[in-house]
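S.K.: One structure, pasted below without further comment.
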Amino acid sequence: MVGLIPSSSKDEARFHCRRHPKRPMTDTSDPNRKNYRPDTKLSVLGRDPFAHHGIVNPPVYHASTVLFPTVAALKDPNARAPGKVFYGRYGTPTTFALEEAVAEIEGGHRAVIVGSGKAAVVCALLAFLKAGDHVLMVDAAYQPSRHFGSQTLARFGIECTFYDPLIKPDALQQLIKPNTRVLYLESPGSLTFEVQDVPALAKVGKGAGLTTMIDNTWASPLLCNPFALGCDVSIQAGTKYVVGHSDAMLGLITGTMDSYPAVRRTFEDLGYSAGPDDIYLALRGLRTLSVRLRRHQEVALELATWLQRRPEVARVLYPALPDDPGHALWKRDYKGASGLFGVVLKPVPAKAVAAMLDGLKLFGMGYSWGGYESLIVPTEPHLLRADPSRWRPDHPMLRIHAGLEDPADLIADLDAGFARLNRAAGR
Ligand SMILES: *Cc1c(COP(=O)(O)O)cnc(C)c1O
């Protein structure tokens, strides 16, 4: 963790450790810190108690100006190296702590932190594209990512083609043009939860010399390691499961040894940065990510299984269900499922769906997800796809985020909701 601790604090750390020789150390001198299993990494990375008076969590540095004692120190080219404290926008030890922890847990080289997940998408794309280039973006990408691809990139002379999330590698190969530079994935797909064959598609990308990037928000850094699957860049809306409490927005981009420098340069050039208090909330969220995700999956599976048996439901879209079309790929590539899934209802008037949702007590209605609380929104993927043919407007759809509540209470809430739906539909 280069530069996390100023050298004077390191001396202090040694002093403290001498005074407490039996204390287990979790600081940079622990040669094992990057070899622990993921759950242990969540606990030990990005903090160094004995550099900070033994306090468990790292301090929050608030900074714009950073002072240098001499002209030589100010002008030293090394002063701006990654992990060095040079200017507030480029990060402080608070930033570096989260960067290190996320990159390690996700299996990448280094990470940058930006102010939102959308900013992470934008920064990652701009890092590898220039006027005249072409990008292949999955049709099931998060809608604001699609919008950036089709609108803003077009303004700068970059063409964006949306490809089928279930495309076969051979067909993807056919879409690659001489000016294609980036292959963009998001798996499972936004709202529709198709699982992409990430290793097979990334292999096509690699063969053609493309930079393959994936929006890994659904899985969080913990449940999918995109680098082991052949991706070059991983994007996260830290807003969702890393922060985990619906109280801060953050974006994370992790790169490999090869891809990171371009991401870092672009991040600096765009002037992106994230506030220290939000970064602190993400570091705090990280500590409980594993237990929260396991519970999100458990609750989601109970809800999804119950929903599958409802007469009002046509299909539940959740790769963790054994009969989901993406189940085999999910099982192969993911260590678990998060709590976000889709529901396709049988044809029913829109006012009946509204009657169901309007009266829910435990499910909040609103955008974003990944917090401790359950959420529900109606979705319309047929309006958000280059190829809308799989999604029919007469089949209303829902997106559910299973929170950490007792599933029995959530099911009772949904059950009462279906009673309202049926009444409003005149059944
Ligand atoms: C929410 C989300 C984003 C954007 O994150 P914000 O922090 O809301 O900007 C990007 N990708 C996916 C898959 C998301 O769910």
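What follows is calculated from the coordinates using simple rules that are stated; it is not laboratory data. As the structure is a computational prediction, the values presented were derived from the model and not from experiment. Positions of Cβ are generated from backbone atoms using ideal geometry, with glycine treated the same way; all protein chains shown enter the neighbour counts.
S.K.: Could you list, in sequence order, all residues of region 375-411 that are within 16 Å of the ligand (Cβ to nearest atom), touching a strand residue (DSSP E or B) at 6+ places or on another chain (Cβ under 6 Å) and of a type outside the set (A, V, I, L, M)?
M.R.: Matches in region 375-411: Thr379, Arg399, His401.
S.K.: Taking interchain pairs and intrachain pairs at least six residues apart, which have beta carbon atoms under 7 angstrom, with the first residue in region 60-75 and within 25 Å of Arg47 (Cβ to Cβ) and the second among the β-branched types (Val, Ile, Thr) and surrounded by 11 or more Cβ atoms within 10 Å (Cβ to Cβ)?
M.R.: Partner pairs satisfying both residue conditions: Val60/Thr94; Tyr61/Thr92; Tyr61/Thr94; Ala63/Thr92; Val66/Val85.
S.K.: Follow-up. Looking at region 238-295 only, could you name the residues that are assigned to a loop (DSSP other than H, G, I, E, B), more than 16 Å from the ligand (Cβ to nearest atom) and hydroxyl-bearing (Ser, Thr, Tyr)?
M.R.: Thr256, Ser259, Thr288 - these are the residues of region 238-295 that are assigned to a loop (DSSP other than H, G, I, E, B), more than 16 Å from the ligand (Cβ to nearest atom) and hydroxyl-bearing (Ser, Thr, Tyr).
S.K.: Taking the conditions exactly as written (in contact (Cβ under 8 Å) with a residue 40 or more places away in the chain, assigned to a loop (DSSP other than H, G, I, E, B) and within 24 Å of Leu289 (Cβ to Cβ)), does Ser234 satisfy them or not?
M.R.: It is false that Ser234 is in contact (Cβ under 8 Å) with a residue 40 or more places away in the chain, assigned to a loop (DSSP other than H, G, I, E, B) and within 24 Å of Leu289 (Cβ to Cβ).
S.K.: Output the residues belonging to region 201-231 that are within 16 Å of the ligand (Cβ to nearest atom) and assigned to a loop (DSSP other than H, G, I, E, B).
M.R.: Listed by number, the residues that qualify are Asn216, Thr217, Trp218, Ala219, Cys224, Pro226, Cys231.
S.K.: Out of the residues in region 141-165 that are of a type in the set (Phe, Trp, Tyr) and away from the ligand (no atom under 11 Å from the Cβ), which is nearest to Val122 (Cα to Cα)?
M.R.: Step by step, filter region 141-165, then rank; the result is Phe156.
S.K.: Also, quick follow-up: Got a number for residues in region 298-324 being more than 26 Å from Gly244 (Cβ to Cβ) and free of Cβ contacts under 8 Å to residues at least 40 places away in the same chain?
M.R.: Adding up the residues that qualify gives 7.
S.K.: Name the residues in region 100-128 that are out of contact with any Ser or Thr (no Cβ under 7 Å at 6 or more places or on another chain) and of a type in the set (Asp, Glu), would you?
M.R.: Glu100, Glu104
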